[in-house]
Amino acid sequence: MTHDPAGLHARHQAVLPSWLSLYYERPLELTHGEGRHVWDAEGNRYLDFFGGILTTMTAHALPEVTKAVSDQAGRIIHTSTLYLSRPMVDLAERIAALSGIPDARVFFTTSGTEANDAALLLATTHRRSNQILAMRNSYHGRSFSTVGITGNQSWSPTSLSPLQTLYVHGGVRSRGPYAELSDGAYIAACVDDLEDMLQQTAGGVAALIAEPVQGVGGFTMPPDGLYAAFREVLARHGILWISDEVQTGWGRTGDHFWGWQAHADNGPPDMLTFAKGIGNGMSIGGVVARAEVMNSLSANSISTFGGSPVTMAAGLANLGYLLEHDLQGNARRVGGLLIERLRAVAAGLDLVREVRGRGLMIGIELVRPGTDERSPEAASLVLEAARERGLLIGKGGQGGASLRIAPPMTLTVAEAEEGADLLADALRTAQGRLAAPA
Ligand code: PMP
């Protein structure tokens, strides 16, 4: 096989939409992977600290998943929800039991976008309202309905939404009037803001949707208990709480299996949505909801690809591996070490404003050295410098100034240390370049 990444890039640009953003000045073409490593078309090997935005949950080319997929593909790939499917029922039962939601029902989709879209359909139908509360700086998908609840405006291309959305405080507070408050005072201020907003709405609001840790928003960490406090207000108004667990599910945050558990000791959300990692790269998304909410659609529905036996087989094998090998515990231990190590690196660098993280979900906010100004330029420089050193990371967040680190959850201590060293070197190089006169 001949590889010509530059030629492929030109062909990509000629035939694909301009708004499908690509990383790197010379975009990468990945050809294969193993464990925590991937290789590009030029034969370069990289330590993968981003996993394709958290889709590689356990490891690249995990033999258990590969075998499950190929065995199922060799038997039958026929899809559609018109017939009974053993892998779909098996995975739904496992997810329902793990969800923490009582009397749970599971609907499978093929992406996080479609999962949130389904959750919105359920919530608006159940509550007979198209009013939705979402968080500032949130991201929930790219479809017509989900861009309408995405508070991060650079990912929301149209204001013509079928939903009436109100954006609530609480997702991010690194700057502005809330920055100086204690966690308790901040939560109280956010609750006041929510109550105030509800008083101004004419009819009943259908739901609040929130990511427990904002993903595209830069891995921002709201204080523990924020959504527990919100939940009390929501319950008083009969408003549903949807936890978007597309990035935070399956133990990635270390201390908890779901992100909502860091927030709510007073009970689970009414619905949660999932996607990304569960299929280890195979396209699985879905919604878990109480039966009363899930079954509120009266018209018939069908999904051709949601719950396809091949993706379900991947999900079952991947989830089995994750639980058997306690990858949540690994995320807590190795993620904890990595966060400590990165904080030590950051202490000597003006470029870094903050290292924040839970488990293997770590954000690093960058500023122009010597200022408090977010620096997307620094983030791009570090991304490129890390790649030159054989490390793949992500970026995002407000102003595109945060780095995002979310390696496969089988990450070893040695790999965490190697990655931290490579990143430290990339950060120092970027800081040097930014400090040099233009
Ligand atoms: N919700 C969250 C929190 C996400 O991070 C994403 C994807 N980045 C989505 C929803 C949409 O998922 P998908 O790209 O699979 O449609």
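Computed from the coordinates by the stated procedures, all read-outs in this text should not be read as laboratory data. On a predicted model such as this, the values are computed, not experimentally measured, just so you know. Virtual Cβ from ideal backbone geometry, glycine too; neighbours counted across all protein chains shown.
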**Asked** Among the residues of segment 171-185, is any more than 30 Å from LEU337 (Cα to Cα), among the basic types (Lys, Arg) and away from the ligand (no atom under 16 Å from the Cβ)?
**Response** no
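Between ARG75, ARG127, ARG136, which is among the basic types (Lys, Arg), more than 15 Å from ILE284 (Cα to Cα) and within 18 Å of the chain's Cα centre (by Cα)? Explain how you work it out, then say what you get.
Working: ARG75 fails: within 18 Å of the chain's Cα centre (by Cα); ARG127 fails: within 18 Å of the chain's Cα centre (by Cα).
Just a single option satisfies the conditions, and that option is ARG136.
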**Residue ID - farthest from TRP260 (Cα to Cα), chosen from residues in segment 274-304 that are part of a loop (DSSP other than H, G, I, E, B) and touching a helix residue (DSSP H, G or I) at 6+ places or on another chain (Cβ under 8 Å)** = LEU297
**Prompt:** Can you pull out the residues in segment 279-305 that are within 20 Å of the chain's Cα centre (by Cα) and either farther than 18 Å from SER85 by Cα or buried (at least 24 other Cβ atoms within 10 Å of the Cβ) (or both)?
**Reply:** GLY279, ASN280, GLY281, ILE284, GLY285, GLY286, VAL287, VAL288, ALA289
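In this structure, does LEU323 turn out to be in a helix (DSSP H, G or I) and touching a residue at least 12 places away in the same chain (Cβ under 8 Å)? Walk me through how you get there before you give the answer.
Numbers: in a helix (DSSP H, G or I): yes; touching a residue at least 12 places away in the same chain (Cβ under 8 Å): no.
So LEU323 does not fit the description; no.
Look through ALA61, ALA41 and report the one residue that is touching a Leu at 6+ places or on another chain (Cβ under 9 Å) and surrounded by 15 or more Cβ atoms within 10 Å (Cβ to Cβ). Before the answer, list the steps.
Details: ALA61 fails: touching a Leu at 6+ places or on another chain (Cβ under 9 Å).
Just one listed residue meets the conditions, ALA41.
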**Prompt:** (1) surrounded by fewer than 19 Cβ atoms within 10 Å (Cβ to Cβ); (2) polar (S, T, N, Q); (3) without any contact (Cβ under 8 Å) to a residue 60 or more places away in the chain: which one isn't true of THR146, the others all being true?
**Reply:** (1)
**Selection from segment 227-253 of residues that are surrounded by fewer than 24 Cβ atoms within 10 Å (Cβ to Cβ) and more than 17 Å from MET271 (Cβ to Cβ)** = ALA229, GLU232, VAL233, ARG236
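The rows are residues; the columns are (1) of a type outside the set (Val, Ile, Thr); (2) part of a loop (DSSP other than H, G, I, E, B); (3) within 22 Å of ASN152 (Cα to Cα).
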residue	(1), (2), (3)
SER380	yes, no, yes
GLU384	yes, no, no
THR410	no, yes, no
GLU417	yes, no, no
ALA420	yes, no, no
**Prompt:** Only one of these conditions is not met by CYS190: (1) within 15 Å of the ligand (Cβ to nearest atom); (2) touching a residue at least 12 places away in the same chain (Cβ under 8 Å). Which number is it?
**Reply:** (1)
**Restricting segment 147-202 to residues that are of a type in the set (D, E, K, R) and part of a helix (DSSP H, G or I), the residue that is nearest to VAL213 (Cα to Cα)** = ASP183
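One line per residue, one yes/no per condition, for (1) buried (at least 18 other Cβ atoms within 10 Å of the Cβ); (2) closer than 19 Å to GLY335 by Cβ; (3) aromatic (Phe, Trp, Tyr):
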residue	(1), (2), (3)
GLY359	yes, yes, no
ILE362	yes, yes, no
ARG374	yes, no, no
LEU383	yes, no, no
GLY390	no, no, no
GLY396	yes, yes, no
ASP425	no, no, no
ALA436	no, no, no
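Here is a yes/no grid of residues against (1) surrounded by 15 or more Cβ atoms within 10 Å (Cβ to Cβ); (2) in contact with a helix residue (DSSP H, G or I) (Cβ under 9 Å, 6 or more places away or on another chain); (3) of a type outside the set (Lys, Arg):
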position	(1), (2), (3)
TYR24	no, yes, yes
LEU28	yes, yes, yes
PHE50	yes, no, yes
ILE76	no, yes, yes
ARG86	no, yes, no
ALA97	no, no, yes
ALA104	yes, yes, yes
